[in-house]
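The values are calculated or read from the model by the stated rules, or taken from the named source; none is laboratory data. On a predicted model such as this, the values are computed, not experimentally measured, just so you know. Methodologically, a virtual Cβ is constructed for each residue, glycine included, from the backbone with ideal geometry; neighbour enumeration extends over all protein chains shown. Note: areas computed on protein heavy atoms with side chains; ligands, DNA, RNA excluded. Shrake-Rupley method; radii C 1.70, N 1.55, O 1.52, S 1.80 Å.
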Amino acid sequence: MDRAELTTEQVLKRDIPWEHYMSTKLISGTCLQLLRRYDHKPESQRAPLLEEDGPAYVRVFLNILWSISKEETVEYVLALIDEMLATNPKRAALFYDQSLSGEDIYEPFLRLLWKGNWFVQEKSCKILTAIISARPKLRNGTLPNGDASNSKSKLTSTHDVLRGLVNWLCSQLRNPTHPSCSIPTSIHCLSTSLREPYVRTLFVQADGIKLLIPLISPAATQQSIQLLYETCLCIWLLSFYDAAVDYLSTTRVMPRLVEVVKGSTKEKVVRVAVLSFCNLLAKGAFAAQMIDLGLPQIVQNLKAQAWTDEDLLDALNQLEVGLKENLKKLSSFDKYKQQVLLGHLDWSPMHKDPSFWRENINNFEENDFQILRVLMTIIDTSSDTTALAVACYDLSQFLQYHPSGRIVVADLKAKDRVMKLMNHENTEVQKNALLCVQRLFLGAKYASFLRA
């Protein structure tokens, strides 16, 4: 059988030769006794055993993973642990019992992440995520896994295991081991692990955010809805970390999230996307972007729907208030800048408002004339006739109002690029390309005589 397609149920049907392992001294007599009481027993019999002697079973499982490398046995023990935790997630706390303080509870799973087949990797990832998320908080200078803050112990430190886990998760998102399971498994574990501030730091350092953005798109099937929900949950968790927010501002996360809330009827998906909007609203240029993408109206549409989730309703009210406040504060140039950067140019009033150009002409110098460079990119690449016409017109306005307009535009090699549009099939594009070229030749002194 292809080990990539193994299921837990199939693995747990195996009979493992525990007696043989004891006779070859790979496990102890005590270990064998515990396994005989536990192995192939229903949960009704296992639960009391774990309640009474849970840490001893954890030690048995860890010792087997340390001492036995046979693939079938490793898969079996991982399936046992995974089933134990899936049945009752609180059992992850057993790994931190005082009696296990000398055991390296992380290393076997961290090692198997990179060395095993997909079944082994997936189980190791899920188990590692569960147990590290359940670790007790720092107390009296002592860290989980028997590692004191001033210790020279060789046990795997919490930071080491988190670093190893994040590296593996990012590697799976970049180059999946399993064609259909790697990405859902990695996102599922990330949506838990990113609750840790240190994991957010590691994830940003590993350039992981760009791996999430393509996964934010409207979903139809149950599996894809769950993947979308957990991806949006990752974005929400990252929105609490400034370095992640800075990176998100350079991506298309906002238009993608907007498309999700417009097209999703799943409450949990909409809730976590709206919560992300609430967090990002006060940061950077996100508010202007949300307004430009039409989020105020979308929020009104969402509020009109019959949601039952109280958290979602509260978040929508909070977002509505925040957007209204930002709409009042947003300067005309902020709105203009967002239009240009998103490539969403239309004939809004500011383009033909002389006071807008007089008051804001110096703002065009920001970031080495970034706005002009983006206008030129639109002129070169856009197939939207309105965007092309507006871009040419705005360039002509810059030529008219900026004292060094001709020099700046000439440096961008704009003349030939705009002249091509004078032969465009659309008359609006032709007219505004001609106006721009005329002003480029005449200069600011005479440009005011030319009217659009």
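Order the peptides 386-397, 61-72 from the highest to the lowest mean number of other Cβ atoms within 10 Å of their residues.
386-397, 61-72
Take the Cα atoms of the stretch 177-331, build their convex hull, and give its volume per residue in Å³.
Normalising the Cα hull of the stretch 177-331 by residue number yields 107 Å³.
Starting from the Cα of residue 210, draw a straight line to each of the lysines and keep only those under 25 Å, dropping any in the same chain fewer than 8 residues away.
Leaving aside lysines fewer than 8 places away in the same chain, those within reach of residue 210 are 126, 262, 266, 268, 283, 337.
Full extension from residue 428 to residue 335: what is 0.36 nm times the residue separation minus their Cα-Cα distance, to one decimal in nm?
31.1 nm
With r as the distance between the Cβ atoms of residue 352 and residue 285 and R0 = 25 Å, compute the FRET efficiency 1/(1 + (r/R0)^6) and round to 0.05.
0.55
According to the square roots a ≥ b ≥ c of the eigenvalues of the Cα gyration tensor, what is the shape class of the stretch 1-135, taking rounded for a/c under 1.5, prolate for a/b larger than b/c otherwise, and oblate for the remainder?
Because its axes are fairly even, with a/c under 1.5, the stretch 1-135 counts as rounded.
Based on the mean of other beta carbon atoms within 10 Å per residue, what is the order of 218-224, 205-211, 341-347, most packed first?
205-211, 341-347, 218-224
Which entries of 352/413; 303/324; 13/70; 90/123; 13/41 show an alpha-carbon separation above 19 angstrom in the structure shown?
Beyond 19 Å between Cα atoms: 352/413.
Which is farthest toward the positive dipole end of the chain among 185, 307, 162, measuring Cα position about the Cα centre, with Cβ charges +1 (Lys, Arg) and -1 (Asp, Glu)?
Working it through, the farthest residue towards the positive pole turns out to be 162.
Given the options 206, 272, 110, identify the residue whose Cα lies farthest towards the positive end of the charge dipole of the chain (+1 on Cβ of Lys, Arg; -1 on Cβ of Asp, Glu).
The residue sitting farthest along the positive end of the dipole is 206.
Separation of the stretch 407-426 and the stretch 32-89 by C-alpha centroid, Å?
If we compute the Cα centre of each part, the gap is 72 Å.
Go through 294, 60, 100 and say which Cα lies farthest out towards the positive end of the charge dipole of the chain; charges sit on Cβ, +1 for Lys and Arg, -1 for Asp and Glu.
With unit charges placed on the Cβ atoms, the residue in question is 294.
If I take R0 = 51 Å and measure r between the Cβ atoms of residue 71 and residue 267 in this structure, what FRET efficiency does the formula 1/(1 + (r/R0)^6) give, to the nearest 0.05?
0.75
Assigning unit charges at the beta carbon (Lys, Arg +1; Asp, Glu -1) and nothing else, what dipole magnitude in debye, to the nearest 20, does the chain show about its Cα centre?
In total the dipole reaches around 880 debye.
Assign unit charges at the C-beta atoms only (+1 for Lys and Arg, -1 for Asp and Glu), then state the dipole size of the stretch 1-135 relative to its Cα centre in Debye, rounded to the nearest 20.
In debye, rounded to 20, the stretch 1-135 gives about 140.
Could you sort 24-32, 124-132, 295-303 so that the peptide with the highest average Cβ count within 10 Å comes first and the rest follow in order?
124-132, 295-303, 24-32
Along each principal axis of its Cα atoms, how long is the stretch 333-448 end to end? Whole angstroms, biggest number first, please.
Between the extreme Cα coordinates on each principal axis of the stretch 333-448 lie 34, 30, 24 Å.
Where in the stretch 260-285 does the amide nitrogen come within less than 12 Å of the point 7 Å from the Cα of residue 221, taken along Cα to Cβ?
From the stretch 260-285, the list is empty.
State the label only: which of (i) 22.9; (ii) 28.9; (iii) 25.3 corresponds to mean projected area of the Cα convex hull in nm² computed from the shown model?
(ii)
Residues of the stretch 387-413 with amide nitrogen under 12 Å from the 7 Å Cα-to-Cβ point of residue 380?
Output list for this probe position: 412-413.
With +1 assigned to the C-beta of every Lys and Arg and -1 to the C-beta of every Asp and Glu, and no other charges, what is the dipole magnitude of the stretch 305-452 about the Cα centre in debye, to the nearest 20?
1160 debye
Between residue 368 and residue 13, what is the spin-label point distance in nm, taking each point 7 Å from the Cα along the Cα→C-beta axis?
For residue 368 paired with residue 13, the spin-label model returns 6.4 nm.
For the chain, with all protein chains present and a 1.4 Å probe, just round the carbon and sulfur fraction of the accessible area to a whole percent.
Carbon plus sulfur share of accessible area: 51 percent.
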